[in-house]
Amino acid sequence: MTLLKTVQNAESVHRAMQNKTKKIFIIAGEVSGDVLAARVMARMKNTEFVGIGGENMTACGLKSLFPMSDLSVMGIVEVALHARTLSRRIRETVNAIINEKPDLVLTVDSPGFARSVIKKLRRSRAGADMVARGLRFYHIVAPQVWAWRPGRAKKYARTFDKLYAFFDFEVPYFTKYDLDTVAVGHPIAENIMESLSEKQPKTTNKIITLVPGSRMSEVRRLMPLFRDVVVAINSCDYRGYKFAIPVVETTREYVKNAVQDWPIKPELVDSTARYELYKQTYIALVASGTVSAELAMMHIPAIVVYKMNRITTLIGRLLIRVRWVSLVNILLNRTVFPEFLGGDATVDNIMNALDEIVVPANRAKMIAELSLADKMWVYKGKPASQIIADDILKSV
């Protein structure tokens, strides 16, 4: 064989390897993870995806092993009540990974489920063999160890081979335990940048948007409170205000039924159109979580509330090490969005905060403060999903 032919054969093999379809087993357990995972999937060519996800990942070609809603449980007591279902889903997921033989397992948030699956997989004979032959585990979304339970960083290092964190300040918490950690910026920022031509809302529409969350457990706890707030607003001098609720697939029917007896019927808007709704929103009342970051990036004034089981709330107060739960408040180290959690989530507290925010000067001040966090959301001006996708494709 001539040297030229040898070189040509080598190049042919290299091209074949480059074009080989990769198989990734991907897992997302809630709506925000489903959205992020779908964005990463859309940026990865020559890749086959199997695993667990929701409507956004399904639109990218995933056939979910079982409904993602089975994993959308939060809170110590809530998880305990669903332990049997979660245990069955963990077994099914482990078996699916063994049968599919993926090149990589990629988990997106839902750390409890992800770690349980990987732990059980490693302990199985077939799974241990796959790990020995090079199967790796990557995870997107670093736990907020700087806020509570810092020991989780060490556990993550034992479980995952790579971690994609949102912010630079998070990286040292994990690299100290030799976990390869990459800062990518907040993934929601790329959604916002695509949906807005300018950030500061100019709306004069009197729309109060209510966001009870995406998990059924939190929606069930917050909808009665939201109803009471609507009743209170309806009885006060808030003439002309309308209400809207963005709904996700997992809670759509519940919300639709719950608002039937409300004195003012809110408009139900599909979550895929939520950014258009937010642009028309004057003030939002929202569950703690990803939505508060979305609204902060869009400069929408908001009040953040959350209710959990009493036991979960008490334990949380003992463990949480930060003053706030809203990311924009944490990043700016001051209260921009008012927060009412647990027993503080009352109609009176919410109405007092609302009375403050509807004052034009106060609303303008809140919007100006939200703009101070703009540069903290994006890492090196590149979409987080692109950074993640490029890094994964180099690895598999």
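Side notes on the structure shown:
- Full-stretch length increase - Thr85, Arg220 - with 0.36 nm per residue and alpha-carbon distance subtracted: 46.7 nm
- Local electrostatic count at Asp261 - Lys and Arg +1, Asp and Glu -1, tallied over other residues with Cβ under 13 Å: +2
- Look at the dipole of the chain built from charges on Cβ: of Ala132, Pro224, Thr209, the Cα furthest out on the positive end belongs to Ala132.
- In this structure the amide hydrogen of Ala302, modeled in the peptide plane, comes within under 5 Å of the amide hydrogens of Ala284, none closer than 5 places in sequence on its chain.
- Here the relative contact order of the chain, from alpha carbon pairs under 8 Å that lie six or more residues apart, stands at 16 percent.
- Summarising the label geometry, the points placed 7 Å from Cα in the beta-carbon direction at Glu276 and Arg43 lie 2.6 nm from one another.
- Simple label model, 7 Å out from Cα along Cβ direction - Lys380 to Glu356, nm: 4.0 nm
- Stokes-Einstein diffusion for the range 193-376, with the hydrodynamic radius set to the Kirkwood value over Cα pairs and evaluated at 25 °C in a medium of 0.890 mPa s, equals 147 µm²/s.
- Measuring r between the beta carbons of Asn349 and Arg239 and using R0 = 35 Å, the FRET efficiency lands at 0.95.
- Computed lengthening from Lys119 to Phe66, 0.36 nm per intervening residue step minus Cα-Cα distance: 17.1 nm
- Cβ-derived FRET efficiency at R0 51 Å, Thr335 paired with Asp391, nearest 0.05: 0.90
- Full-extension gain in nm, Lys154 to Ala232, via 0.36 nm per residue minus C-alpha separation: 23.4 nm
- For the range 352-396, the percent of C-alpha pairs falling in each 10 Å distance bin, counted from 0 to the bin holding the largest distance, reads 22, 27, 20, 18, 11, 3.
- The range 125-195: trypsin sites (Lys or Arg not before Pro) in DSSP loop, at most 11 other beta carbons within 10 Å: Arg133
- Local net charge near Gln386, Cβ-Cβ under 11 Å (Lys/Arg +1, Asp/Glu -1): +1
- Projected label points at Ala128 and Asn205, each 7 Å from Cα along the beta carbon direction, are separated by 5.9 nanometres.
A short reminder: the numbers here are calculations on the coordinates, not readings from a lab. Quick caveat: nothing in here was measured; it's all calculated off a predicted structure. Counting neighbours? That spans all protein chains shown, and the Cβs are built from the backbone with ideal geometry, glycine included.
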